[in-house]
Amino acid sequence: MIFVILILIAIYMSVYFSYYFLFPKAGRDSIDGLIPIYNDVVKISIVGLSNYLIFLYFVPFLGLFVSMYVNFELAKAFGKDTVFAIFTAILPIIFIPIIAFDNNSTYIKGEV
């Protein structure tokens with residue numbers, strides 16, 4: 001049981017660590033990626049959606065789809081194609097770090 005918890009914590013931290021390197025590419029402070037819930041607000045503003053969308057994260061089951069949509073739009077904001085964006089929506093644990101650490105990923109959505 002402890003092993004599973006440690007694995008889940010490692011996965012959680014890898015995504016937050018990726019946000020730490022991803023947000024400066026979009027002109028945001030890197031520390032914004034380490035603050036829970038606030039990093040979701042920053043992601044929403046990076047992709048150009050309404051900040052009121054954050055409230056839908058807390059609606060059971062709907063929050064999952066909102067998160068998938070925001071991750072899809074995040075991949076598109078960094079110039080990724082539609083297939084990559086779909087995989088980012090489904091498996092953000094794998095594809096968010098790819099966007100964060102890829103030197104070819106540049107923010108194309110405009111100034112925040």
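Apolar share of the accessible surface for the range 1-105: 76 percent from carbon plus sulfur atoms, 1.4 Å probe.
Decide, for the chain, between rounded, prolate and oblate: order the square roots of the alpha carbon gyration tensor eigenvalues as a ≥ b ≥ c, take rounded if a/c falls under 1.5, and otherwise choose prolate if a/b is larger than b/c, else oblate. Cα axes put the chain in the rounded bin. Rounded to the nearest whole Hz, the Karplus-based 3J(HN,Hα) values (6.51 cos²θ - 1.76 cosθ + 1.60, θ = phi - 60°) of the range 31-48 follow the sequence 5, 4, x, 9, 9, x, 6, 5, 5, 5, 4, 5, 4, 4, 6, 5, 7, x, with x at glycine and proline. 3J(HN,Hα) along the range 95-102, derived from phi through the Karplus expression 6.51 cos²θ - 1.76 cosθ + 1.60 where θ = phi - 60°, amounts to 8, 5, x, 5, 5, 5, 9, 7 Hz, with x in place of Gly and Pro. A 1.4 Å probe over all protein chains sorts LEU34, LEU53 by accessible area into LEU34, LEU53, starting with the largest. For LEU91, the accessible area of its heavy atoms, probed at 1.4 Å with every protein chain present, is near 80 square angstrom. Entry comment: accessible area of the chain is 60 Å² per residue, from protein heavy atoms only and a probe of 1.4 Å. Dividing the summed helix terms, -39500 (n - 2.57) for each DSSP H run of n ≥ 4, by the number of residues in the chain produces a 222 nm estimate of -18500 deg cm²/dmol to the nearest 500.
The values are calculated or read from the model by the stated rules, or taken from the named source; none is laboratory data. Keep in mind the model is a prediction, meaning the values are calculated, not measured. For accessibility, only protein heavy atoms count, side chains too; no ligands or nucleic acids. Shrake-Rupley method; radii C 1.70, N 1.55, O 1.52, S 1.80 Å.
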